[in-house]
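**Student:** Structure below; questions to follow.
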Amino acid sequence: MLFRGVLRMSANSTAFERWNNALGPLLQRLDQPDCLQYLIEAIEVLVDVKAVILSLERRGKVPTLIFETRVPVNKRRSHIDDYFSGAFLLDPFCLAVEEGLAPGFYHLAEIAPDDFTQSEYYRVYYREAQLVDDAYYIMEIGPGAQLSLALGRLGPASPYTETELALLRQIRPVVEAVLLRYWQQQSDADQSLPTEPQPGLRDQIEAAFNNFGSSLLTQREREVAHLLLRGHSSKSAARKLEISPDTVQMHRKNLYAKLDISSQAELFVLFIEALSHAGGKINDDPLIGYIDPQD
């Protein structure tokens, strides 16, 4: 199985030779705990990748971090800690998985909303972490359970080219074989599916997200706020809500006024800070606990 992803690269003899040479060390370490590091090194002979994150995605549960490497130390809190604490709800890839994204290889541009690169989420979790692009392998490991391997590219490099993305797609069988072997090793060591850090945590986080602004905003204004937070433009939000872009703009203006903010950046900060104060009050607007924690 490992060589199915190699033969199709024969047209590019240089890439084939580099990849072939990198497979030797990887195969020798296939049953070792550090096999993922060798997999990443093998991928890097073809494509420049950094900030690699392997996570367990389970429908209805909070994603679980399994492995990460090369995330800038000064960006770990925003890129790792805050993400797994709740900001994953704004991640287009995580949303796509929750909605039933099929196993495969995906480029960020294939699944992100039209205005994603202009969103505050993108600024915090991509631009500030110096990530200029992202690509994902996702494979099923059991009912409702998938492994996702995110390959981030750091600046000053350019986003992935079509040629690079094609190479990453071609080696998908190899990547999946290594990930499956790695996961089987975890299971053999009595480390099968990790339990959720706190049972029902995702329900609490999603409820806090859905109730965000409920004490101040109308239902439609909250729907617009949710789409803006997830990187949709006014036109895209209008299509989602089946209303006109002008109506979306009106709701946007009204919700900004009610929340005493003036930009999407302020909306994002307000959401993240309110979410961190939500606690277990899943039926309440998290803004209530944020504005007046004593209540």
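**Student:** Name the pairs whose Cβ atoms lie under 7 Å apart, with the first residue in the stretch 140-153 and acidic (Asp, Glu) and part of a strand (DSSP E or B), the second surrounded by fewer than 22 Cβ atoms within 10 Å (Cβ to Cβ) and at pLDDT 90 or above, and 6 or more positions between them or separate chains?
**Tutor:** Matching pairs, first to second residue: Glu140/Pro103; Glu140/Gln146.
**Student:** Quick check on my filter: what residues within the stretch 36-70 are more than 14 Å from the chain's Cα centre (by Cα) and among the aliphatic types (A, V, I, L, M)?
**Tutor:** Leu36, Leu39, Ile40, Ala42, Ile43, Val45, Leu46, Val47, Val49
**Student:** Does the stretch 274-288 contain at least one residue that is buried (at least 19 other Cβ atoms within 10 Å of the Cβ), in the same structural domain as Leu228 (by TED's automatic domain parsing), closer than 18 Å to Tyr122 by Cβ and at pLDDT 80 or above?
**Tutor:** No - not one qualifying residue is present in the stretch 274-288.
**Student:** Let me ask something else about it. Among the candidates Tyr126, Tyr106, Tyr136, Tyr160, which residue alone is crowded, with 16+ Cβ neighbours inside 10 Å, in contact with a strand residue (DSSP E or B) (Cβ under 8 Å, 6 or more places away or on another chain) and without any contact (Cβ under 8 Å) to a residue 12 or more places away in the chain?
**Tutor:** Just a single option satisfies the conditions, and that option is Tyr126.
**Student:** Let me ask something else about it. Conditions: (1) surrounded by 21 or more Cβ atoms within 10 Å (Cβ to Cβ); (2) part of a strand (DSSP E or B). Phe88 meets all but one. Number of the miss?
**Tutor:** Result: Phe88 passes all but (2).
**Student:** Name the residue, out of Leu65, Leu46, Leu30, Leu36, that is of a type outside the set (Val, Ile, Thr), touching a strand residue (DSSP E or B) at 6+ places or on another chain (Cβ under 8 Å) and not in a helix (DSSP H, G or I).
**Tutor:** Leu65 is the lone residue from the list that is of a type outside the set (Val, Ile, Thr), touching a strand residue (DSSP E or B) at 6+ places or on another chain (Cβ under 8 Å) and not in a helix (DSSP H, G or I).
**Student:** Output the residues belonging to the stretch 109-123 that are polar (S, T, N, Q) and either out of contact with any helix residue (DSSP H, G or I) (no Cβ under 9 Å at 6 or more places or on another chain) or buried (at least 18 other Cβ atoms within 10 Å of the Cβ) (or both).
**Tutor:** Result: Ser119, single match.
The values are calculated or read from the model by the stated rules, or taken from the named source; none is laboratory data. Note that the coordinates shown come from a computational prediction; the quantities given were computed from them, not determined experimentally. Neighbour counts run over all protein chains shown; Cβ positions are idealised from the backbone, glycine included.
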